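To start, the structure under review is shown below, and the notes come after it.
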Amino acid sequence: MKLYEFTLKFTLPDAKQNADAYIAALADAGCDDALIGIGQPGRIALQFSREANSAFAAITSAIKDVKAAIPQAVLTEATPDLVGLSDIADLLGFSRQNMRKLMLNHSQSFPAPLHSGSSSIWHLAKVLNWFSQQQNKAIAPEITEVAQVTMQVNIARALSELQPDTRQEFMQIQQELAQYR
């Protein structure tokens, strides 16, 4: 068993109900390994430190536990996933300036951002993979594994929000693009 650290954010079924009412139910459902944040009305965030055989098992069991306590809760985000340069630098022990320099000096191989602009963002899993393969930087396997699973959870969540016909078209496009990799 390994310890996996991640955060799950949910929208609550009734934004007017006090989120404190859910805390006991979450503990009873197995979320006693999470710090619970209830600062934003209608939202709840759970920062887990969960032991499991894999990051996938840890994250999916945590989602199931939250849904058992609050069946109508809607998962809005799993983290760590989407990160900016400062986030990456903090995680890897670099300065933001050094991180930016690495990105610019390796622009051909550094992962393309998910969003470019004044605040570009990347999937953490892709950046960690790049560091591991291109820079020979040792990264704790639990961090890489969690980043990979949270990315997949967030992508699956976004896909589930598509209309069925749009989702089908998207899957066909993905299959066509896969042959060019």
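The values are calculated or read from the model by the stated rules, or taken from the named source; none is laboratory data. Computed from a predicted model, the values in this text were never measured in an experiment. Methodologically, a virtual Cβ is constructed for each residue, glycine included, from the backbone with ideal geometry; neighbour enumeration extends over all protein chains shown. Quick note on the areas: whole protein, heavy atoms, side chains included, nothing else; ligands and nucleic acids left out. Shrake-Rupley method; radii C 1.70, N 1.55, O 1.52, S 1.80 Å.
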Next on the checklist: Quick check: net charge around Ala73, other residues with Cβ under 12 Å of its Cβ, Lys/Arg +1 and Asp/Glu -1?
Outcome noted: +2
Item to check | Among Asn136, Ile38, Ser61 - extreme Cα towards positive end, dipole of region 25-159, charges at beta-carbon | outcome: Asn136
Next on the checklist: Which of rounded, prolate or oblate describes the chain when judged by the alpha-carbon gyration tensor and an a/c cut-off of 1.5?
Outcome noted: prolate
Checklist outcome for this item: The summed charge of the Ala125 Cβ neighbourhood (under 10 Å; Lys/Arg +1, Asp/Glu -1) stands at -1
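Expressed as a rounded percentage, what relative contact order does the chain have, with Cα pairs under 8 Å and six or more residues apart?
Once divided by the residue count of the chain, the mean separation gives 23 percent.
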Item to check | Per residue value of the accessible surface for region 24-70 (all protein chains in place, 1.4 Å probe), Å² | outcome: 50 Å²
Checklist entry - For the pair Lys16 and Ala57, how long in nm is the line joining their label points, each one 7 Å along Cα→Cβ? => result 4.4 nm
Checklist entry - In the chain, what percent of the accessible surface is made up of carbon and sulfur (1.4 Å probe, ligands and nucleic acids excluded)? => result 50 percent
Checklist entry - In a shell of Cβ-Cβ distance under 12 Å around Ala89, excluding Ala89 itself, what net charge do Lys and Arg (+1) and Asp and Glu (-1) give? => result +1
Checklist entry - Hey, got the dipole for region 91-159? About the Cα centre, +1 on K and R Cβ, -1 on D and E Cβ, debye to the nearest 20? => result 240 debye
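State whether region 8-111 is rounded, prolate or oblate according to the following rule on the C-alpha gyration tensor (a ≥ b ≥ c being the square roots of its eigenvalues): a/c under 1.5 gives rounded; otherwise a/b larger than b/c gives prolate, and the remaining case gives oblate.
prolate
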Item to check | Gap separating the Cα centres of region 147-175 and region 28-83, nearest whole Å | outcome: 21 Å
Next on the checklist: Looking at the chain only, what percent of DSSP beta bridges run antiparallel? Nearest 5 please.
Outcome noted: 100 percent
Checklist entry - When the dipole is taken about the Cα centre of the chain, and only Lys, Arg (+1) and Asp, Glu (-1) are charged at their Cβ, what size is it in debye, to the nearest 20? => result 560 debye
Checklist outcome for this item: The lysines whose Cα lies under 23 Å from the Cα of Lys64, excluding any fewer than 8 residues away in the same chain, are Lys2, Lys9
Item to check | Cβ charges +1 (Lys, Arg) and -1 (Asp, Glu), total dipole of region 57-124, debye | outcome: 140 debye
Next on the checklist: Given axes a ≥ b ≥ c from the Cα gyration tensor, I'd like to know whether region 132-181 is rounded (a/c under 1.5), prolate (a/b larger than b/c) or oblate.
Outcome noted: oblate
Checklist entry - For the chain, what are the DSSP H helices with axial Cα length of 27 Å or more and mean Kyte-Doolittle hydropathy of at least -0.5? => result 141-160
